[in-house]
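Undergrad: First, the structure itself, so that you have it in front of you.
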Amino acid sequence: MANFYAMTTKPEIAQELPHPACRCDQLEHEVAHLRTYVRQLEEQIRLSQHRRFGASSERIDAAQLQLFNEVEATAASVLESAPVEAVIPERRKKKTGQRDAAWERLPVERFEYRLPPEEQVCPTCAAALHEMSTEVRRELHIVPARVSVWEHVQYVYACRTCEREALTTPVVTAPMPRPAYPGSFASPSLMAYILHQKYTLGLPLYRQEQEWRRLEVPISRQTMANWVVYAAHEWLHPLYQELRRHLLLRDLLQADETTVQVLHEEGRAPEAKSYMWLYRTGREGPAIVLYDYQKTRAGAHPKAFLSGFKGYLQVDGYAGYHDVENVTLIGCFAHARRKFDEALKALPAGQRAGPSTARTGLDFCNRLYAVEHDLRESSPEDRWRARRARSAPILAAFHAWLQAEQPQVLPQSAVGKAVTYCLNQWAHLEGYLLDGRLEIDNNRSERAIKPFVIGRKGWLFSNTPRGAKASAIAYSIIETAKENGLNPQAYLHYVFEELPNRDLKDPATWEAVLPWSDQLPDHIKSRPTPKRP
């Protein structure tokens, strides 16, 4: 029986087992695949740890860049005037007198301290003392928020003679400014203050409610929310539309987008992601910054918002912008550089200081930024010519290096993703050479969207789509005002006072209240910060 079992089972087992050589090849392939997978997980863990506990800055020690000199060998002649140290300008000490210059516009209250006449006697000889000099100590004094009630009393007049002799009596009413919110006790200053606290300073309405309670003026967050929505849609939305009209007349824009959560959207779960899109002008003024709330990240949204725009559109690598018509897409080298920076941080600590593919890619990006640093004060024409002479050779060498490295790096590794991103986006990345007004990156729009991202951490979500749209409008007006050197709270106050008392169908009304209008009063303009020498 045993022999029969052996005769019938051994051949079947032998047929199931692969050849030893094939089995070894299979195991070696599996081991190589697992090692690659482990290396990718280790990279992700190191990068995640760095994002959580490390510095967020993407700067790199300029001395480390000298470890690899391939770029200098490729384009040494065009880089002699662009030292690497110029990428990170040194901080200079504040110029003396800046404090006094900043305090010039502040009111001054003077307090003098003198000895009483009976004490103005020399302690040694009892002779009279005289005023020899003074010692001055200057302090900033702050007056907390002070709430007062304004009663608008409108007098009505009638004619005594007509009352006695005529059939009708004319009634004349004294003119009075129209309210910003009819039927409400919200004044223009109060509405501007609440919007400024929420959207400029990132203070949620529930915290403002607590502060109003401490001031013994109970205002519920529901009431304030109604004021915010009304102010945004009634007064700020027409101004927003006027800004959008001016935006579409430009030929150079930047765009970006970020997530926002809206709890009550029809047909969607409360945790579903919605998006806040941002569109803004480039380096040429006057600056315009507009937010646009949409439910999704579909490319149809920028296509619709930018309908009628023709020119350059600078964005990150998101494919949704490819649907926008009549534009030339320009890429963002900050994203390319960031990927190489992350790839360098994903390496083991002992390998970060030495030569590596990640450091080489970062080195190319740094040299491109060194050129931009030198040209930051140049005119668009000079910048265009200098980029052709200095940046184009670096870009050519960078592209050749990327093509040579792509077959040698793991596609799913951090450095592999950086190389693939650059090659896929190359036509857009080198697009900034087309016009001297273009930026090397999309950082201007990323800086513009940051106030929304910071504010989102405080208020977390919007309750309804109408509230999300109101937030988009409010952020647009405030950020555009800031970009044009205005005090955002004073500007909102001015808008809420002026628009209810002007003809909104008259184009001159909107030209007068635009953030860059010459007709704006001086008190809403922020004093420029003195520049460092």
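The values are calculated or read from the model by the stated rules, or taken from the named source; none is laboratory data. Being a predicted model, the structure only gives us computed values, none of them experimental. Cβ: placed from backbone, ideal geometry, glycine included. Neighbour counts: every protein chain shown. Accessible surface areas use protein heavy atoms only, side chains included; no ligands, DNA or RNA. Shrake-Rupley method; radii C 1.70, N 1.55, O 1.52, S 1.80 Å.
Undergrad: Considering Cys365, Cys332, which residue is open to solvent by less than 10 Å² (accessible area, probe 1.4 Å) and touching a Lys or Arg at 6+ places or on another chain (Cβ under 8 Å)?
TA: When all the criteria are applied, what remains is Cys365.
Undergrad: Name the single residue that is surrounded by the most Cβ atoms within 10 Å (Cβ to Cβ) among those in segment 212-233 being assigned to a helix (DSSP H, G or I) and free of Cβ contacts under 8 Å to residues at least 12 places away in the same chain.
TA: Trp212
Undergrad: How many of the residues in segment 182-204 are under 16 Å from Leu492 (Cβ atoms) and either more than 31 Å from the chain's Cα centre (by Cα) or not in a loop (DSSP other than H, G, I, E, B) (or both)?
TA: Of the residues in segment 182-204, 13 are under 16 Å from Leu492 (Cβ atoms) and either more than 31 Å from the chain's Cα centre (by Cα) or not in a loop (DSSP other than H, G, I, E, B) (or both).
Undergrad: Considering only segment 416-497, give the helices (runs of 4 or more DSSP H) lying wholly within it that have at least 1 residues that are without any contact (Cβ under 8 Å) to a residue 40 or more places away in the chain and under 30 Å from Asp518 (Cα atoms).
TA: Hits in segment 416-497: 443-459, 465-483.
Undergrad: Further question on the same structure: So Tyr181 ticks every box in (1) open to solvent by 40 Å² or more (accessible area, probe 1.4 Å); (2) free of Cβ contacts under 8 Å to residues at least 12 places away in the same chain but one. Which box is left unticked?
TA: Exception for Tyr181: condition (2).
Undergrad: So the check is Cβ under 8 Å with 6+ separation or different chains; which pairs have a first residue in segment 154-167 that's among the charged types (D, E, K, R) and a second one that's assigned to a loop (DSSP other than H, G, I, E, B)?
TA: The qualifying pairs are Glu163/Thr169.
Undergrad: Looking at segment 78-105, which of the residues that are over 30 Å from Arg385 (Cβ atoms) and surrounded by 10 or more Cβ atoms within 10 Å (Cβ to Cβ) is modelled with the lowest pLDDT?
TA: Per the stated criteria, the residue is Lys94.
Undergrad: A further question follows. If we keep just the residues of segment 393-415 that are among the small types (Gly, Ala, Ser) and over 29 Å from the mean Cα position of the chain (by Cα), which is farthest from Tyr37 (Cα to Cα)?
TA: Once the filter is applied, the top-ranked residue is Ala396.
Conditions (1) exposed (fewer than 13 other Cβ atoms within 10 Å of the Cβ); (2) closer than 25 Å to Glu511 by Cα; (3) touching a Leu at 6+ places or on another chain (Cβ under 7 Å), marked per residue:
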residue	(1), (2), (3)
Gly267	yes, no, no
Met276	no, no, no
Tyr279	no, yes, yes
Pro286	no, yes, no
Thr296	no, no, no
Phe305	no, yes, no
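Undergrad: Can you tell me which residue within segment 117-162, out of those that are under 21 Å from Pro177 (Cα atoms) and within 41 Å of the chain's Cα centre (by Cα), is surrounded by the most Cβ atoms within 10 Å (Cβ to Cβ)?
TA: The qualifying residue surrounded by the most Cβ atoms within 10 Å (Cβ to Cβ) is Val147.
Undergrad: Just a yes or no: is a residue in segment 287-294 assigned to a loop (DSSP other than H, G, I, E, B) and either in contact with a His (Cβ under 6 Å, 6 or more places away or on another chain) or under 30 Å from Val513 (Cα atoms) (or both)?
TA: Yes: one or more hits.
Undergrad: In addition: Could you figure out which of (1) under 24 Å from Leu313 (Cα atoms); (2) not in a helix (DSSP H, G or I) isn't true of Leu410?
TA: Single failed check for Leu410: (1).
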